Amino acid sequence: GAVVSQHPSRVICKSGTSVKIECRSLDFQATTMFWYRQFPKQSLMLMATSNEGSKATYEQGVEKDKFLINHASLTLSTLTVTSAHPEDSSFYICSARQDRVTEAFFGQGTRLTVV
Amino acid sequence: AQTVTQSQPEMSVQEAETVTLSCTYDTSESNYYLFWYKQPPSRQMILVIRQEAYKQQNATENRFSVNFQKAAKSFSLKISDSQLGDTAMYFCAFMKRSVIQGAQKLVFGQGTRLTINP
């Protein structure tokens, strides 16, 4: 299957700082990328959907000014957690899908810890 | 809106046994896909099996098979000859079928934690 690379796999940042997570499709053009948040022992919660060259569509309750998503190219999307606080600590997962293709491929996830 | 329900938070079986994970969903759509994803301790999401709603035949992938009951809106996963490597969280997911397929969202169930004991 296709490969989606997410970086970093783990990050620790200080409260009040911003952190950027990258999601790259390595061998296909990802017209759509999805960002999820997963709390321990829980399911994946969709945060936003981004299409290349367009503004991201955020799910209800997700602060767009706090979770900045950029999908500038067909192989790269970034999630920036701005002014991070301890409650933003979580596991973040991206997935990517090619146009007209059913299957979405997932990155390895990023564990964010805000101290 | 679509919902997916997995009523078994945890299951545990012995190696080589067969286990069935349950999933029900609610939708008014007639064309859609259903998926089972596996999330092992590494937390990498892996597609296990996929079913197109318009296909009556149940999908099968080696030791993994589904029992798709469209009228009952039920989509269970059967794992035969279970192996230690099958230990993982399993998520059932729904996706609407659309001409704009790439942008369609996956709706996940709550997950079932499956443990295979030696």
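Okay, here's what the table says:
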read-out: Residue within segment B:35-53 that is more than 11 Å from chain A (Cβ to nearest Cβ), assigned to a loop (DSSP other than H, G, I, E, B), surrounded by fewer than 13 Cβ atoms within 10 Å (Cβ to Cβ) and at pLDDT below 95 present; value: yes
read-out: Selection count, segment A:60-111, where residues are outside any loop (DSSP other than H, G, I, E, B), away from chain B (no Cβ under 13 Å) and aliphatic (A, V, I, L, M); value: 6
read-out: Residues satisfying the stated conditions in segment B:73-92, i.e. away from chain A (no Cβ under 14 Å) and either charged (D, E, K, R) or closer than 23 Å to A:MET45 by Cα (or both); value: B:LYS73, B:SER74, B:PHE75, B:SER76, B:LEU77, B:LYS78, B:ASP81, B:ASP86, B:THR87
read-out: Segment B:54-95, residues that are under 19 Å from A:VAL101 (Cβ atoms) and open to solvent by 80 Å² or more (accessible area, probe 1.4 Å); value: B:TYR54, B:LYS55, B:GLU61
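Matching residues to (1) in contact with a Lys or Arg (Cβ under 6 Å, 6 or more places away or on another chain); (2) over 23 Å from B:TRP36 (Cα atoms); (3) of a type outside the set (Lys, Arg):
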position	(1), (2), (3)
A:GLN42	no, no, yes
A:SER50	no, yes, yes
A:THR57	no, yes, yes
A:GLY61	no, yes, yes
A:LYS66	no, yes, no
A:THR80	yes, yes, yes
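The values are calculated or read from the model by the stated rules, or taken from the named source; none is laboratory data. Not measured: the values here are computed from a predicted model. Here Cβ is always computed from backbone atoms with ideal geometry, including for glycine, and neighbour counts include all displayed protein chains. Heads up: the accessible areas ignore ligands, DNA and RNA and are worked out on the full protein's heavy atoms, side chains in. Shrake-Rupley method; radii C 1.70, N 1.55, O 1.52, S 1.80 Å.
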